[in-house]
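The values are calculated or read from the model by the stated rules, or taken from the named source; none is laboratory data. Since this is a predicted model, take the numbers as computed values, not measurements. Note that we place each Cβ from the backbone using ideal geometry, even for glycine, and neighbour counts take in every protein chain shown. Note: areas computed on protein heavy atoms with side chains; ligands, DNA, RNA excluded. Shrake-Rupley method; radii C 1.70, N 1.55, O 1.52, S 1.80 Å.
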Amino acid sequence: MRLLIVEDDLKIASFIVKGFKQAGFAVDLAEDAENALQIVSSTVHDAAVIDIMLPGMDGLTLINRIRNQGNNTPILILSAKGSLDDRIKGLQQGGDDYLAKPFSFSELLVRIQALIRRSSGTVEPARLTYHDLTLDFIRREVARSGKKIFLNSREFSLLEYLMRNAERPVSKMMILEHIWDFHFDPQTNVVDVLVCRLRNKIDKDFPDKLIHTIRGVGYVFKHALEDV
């Protein structure tokens, strides 16, 4: 999957690009509308994230230019303007979705995945299953060996992220950028605390552990692996 990100704030752009690359996307970054039009003319994208407040040509004008070229790439508008009127205007101008700043990367990722699914006609599975653990998206329920486990929203997001990356190591920074927004302090220990809480809920009462620590790397979600 290839994305186009159009964002002139370098901090936000870096955060978005890094997050999507870690989620397995190829990413093209444009810092203004003119550069974005050049990229669009030569590259096919599965979706685009476009900021409204750009230097020179604004994001809505850019979207109009893209649509006038007959390009139907799904576009998510990203903007500090979050009023209902702004959202309506953005969607009327050719955007497919609208996300106000500040935002969490996990929500941005889910929205982009949904746009791509709708565009391609792909159906997202209603649940994820690994070993004896099941995560149900529709009911927002988790169960292991038939036993229901209550998770809050962040614990649910972390488990989903780990299950989608099962048997692949993920770093603390990858988890931080997936679960929290770009304003969060990367030096915090919230990842360790959240992983500990999740372990206590899905591993503590079961003989086979699923969340394992890889020292110096991060964590891996895998059945029957000793901590290393």
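Within the stretch 153-188, the set of residues being at pLDDT 85 or above, of a type outside the set (Asp, Glu) and exposed (fewer than 13 other Cβ atoms within 10 Å of the Cβ) comprises 168 only. If you take the residues of the stretch 130-148 that are out of contact with any helix residue (DSSP H, G or I) (no Cβ under 7 Å at 6 or more places or on another chain) and of a type in the set (Val, Ile, Thr), which of them is farthest from residue 202 (Cα to Cα)? So, considering only residues that are out of contact with any helix residue (DSSP H, G or I) (no Cβ under 7 Å at 6 or more places or on another chain) and of a type in the set (Val, Ile, Thr), the one farthest from residue 202 (Cα to Cα) is 138.
Which number in (1) within 20 Å of residue 102 (Cβ to Cβ); (2) of a type outside the set (Phe, Trp, Tyr); (3) in contact (Cβ under 8 Å) with a residue 12 or more places away in the chain marks the one condition that residue 84 misses? Condition (3) is where residue 84 drops out. Just wondering, is there one or more residues in the stretch 14-22 that are of a type in the set (Phe, Trp, Tyr) and under 30 Å from residue 166 (Cβ atoms)? Checking the stretch 14-22: at least one residue is of a type in the set (Phe, Trp, Tyr) and under 30 Å from residue 166 (Cβ atoms).
Could you check, for the stretch 5-25, whether at least one of its residues is in a loop (DSSP other than H, G, I, E, B), open to solvent by less than 10 Å² (accessible area, probe 1.4 Å) and touching a residue at least 40 places away in the same chain (Cβ under 8 Å)? Reasoning before the result, please.
Quick first cut of the stretch 5-25, residues in a loop (DSSP other than H, G, I, E, B) only: 7-9, 23-25.
Subset that is open to solvent by less than 10 Å² (accessible area, probe 1.4 Å): 7.
After this cut, where a residue has to be touching a residue at least 40 places away in the same chain (Cβ under 8 Å) as well, the list is 7.
Among the residues of the stretch 5-25, at least one is in a loop (DSSP other than H, G, I, E, B), open to solvent by less than 10 Å² (accessible area, probe 1.4 Å) and touching a residue at least 40 places away in the same chain (Cβ under 8 Å), which makes the answer yes.
Which is modelled with pLDDT under 90 and in contact with a Lys or Arg (Cβ under 6 Å, 6 or more places away or on another chain), of 191, 228?
191
Filtered by the rule that a residue be modelled with pLDDT under 90 and surrounded by fewer than 18 Cβ atoms within 10 Å (Cβ to Cβ), the stretch 26-45 gives 26, 42, 43, 44.
For the stretch 61-91, a residue qualifies if it is in contact with a strand residue (DSSP E or B) (Cβ under 7 Å, 6 or more places away or on another chain), assigned to a loop (DSSP other than H, G, I, E, B) and modelled with pLDDT of 85 or more, and the qualifying residues are 73, 74.
When the residues of the stretch 92-112 are filtered to those that are part of a helix (DSSP H, G or I) and touching a residue at least 12 places away in the same chain (Cβ under 8 Å), the one that is farthest from residue 157 (Cα to Cα) is 112.
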